[in-house]
1. For the stretch 136-145, give me the residue count where each residue is farther than 16 Å from residue 55 by Cβ and at pLDDT below 95.
2. Quick one: would you say residue 68 is closer than 27 Å to residue 155 by Cβ, at pLDDT 90 or above and not hydroxyl-bearing (Ser, Thr, Tyr)?
3. Give, as residue ranges, the strands (runs of 3 or more DSSP E) completely inside the stretch 51-158 that count at least 3 residues that are within 17 Å of residue 27 (Cα to Cα).
4. Quick check, is residue 124 more than 14 Å from the chain's Cα centre (by Cα) and either touching a residue at least 24 places away in the same chain (Cβ under 8 Å) or under 17 Å from residue 158 (Cβ atoms) (or both)?
5. For the list (1) modelled with pLDDT under 95; (2) loosely packed, with under 11 Cβ neighbours inside 10 Å, I need the number of the one condition that residue 7 fails.
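The values are calculated or read from the model by the stated rules, or taken from the named source; none is laboratory data. From a predicted model like this one, the values you see are computed outputs, not experimental measurements. Heads up, the Cβs are rebuilt from the backbone with ideal geometry, glycines too, and the neighbour counts pull from every protein chain shown.
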Amino acid sequence: MRSLLLWVLAAAGLMGCPTCPVGSKGPFRLTRTHDSLYHLNEWVLPYPVFQFQTGDVDADGSVDALVGVVKSTRFHPEVERRLFLFKMVRGKVRPLWLGSRLGGRLVDFRFADGRIRALESSGDTLYAVSDYRWQGFGPQFERFVVGPTDSSTAFKHFTP
């Protein structure tokens, strides 16, 4: 119960993750200079990072980086959690997708079985767990795993 409480508090506060796994995953290296300055190899991420994973998002046979950042966007000015996807092209990090939003407010994500599984919120009390697959330009909604529901039920379905 304590871990669920900490998770909900972190999600509500939209803060970067002080224990976010930095280091190398495949060809990608995430380093942290301070709370709101990270580097993905040479790519500067001037935002708090709450999640870092790798996987073959676009199913092209190469490893991609999935980075969760906290920021506003041009078309969605609220400061929220966002998902950025990166590729390695000739040894350099290049953006694959710099998303402003998936379906609902992003709380957390993970990559498994060729899918991005997102824990999303549609308000203060409703949560959903959704699966997305790469479709040409970006992640496309595939299915709801569960939702809309309370945070505790959603968290149980999100956690492997």
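1. Selection size over the stretch 136-145: 2.
2. Details: closer than 27 Å to residue 155 by Cβ: yes; at pLDDT 90 or above: yes; not hydroxyl-bearing (Ser, Thr, Tyr): yes.
Yes: the conditions hold for residue 68.
3. In the stretch 51-158, 64-71, 80-89, 92-98 are the strands (runs of 3 or more DSSP E) which contain 3 or more residues that are within 17 Å of residue 27 (Cα to Cα).
4. Numbers: more than 14 Å from the chain's Cα centre (by Cα): yes; either touching a residue at least 24 places away in the same chain (Cβ under 8 Å) or under 17 Å from residue 158 (Cβ atoms) (or both): no.
Spelling it out, it is not the case that residue 124 is more than 14 Å from the chain's Cα centre (by Cα) and either touching a residue at least 24 places away in the same chain (Cβ under 8 Å) or under 17 Å from residue 158 (Cβ atoms) (or both).
5. (2)
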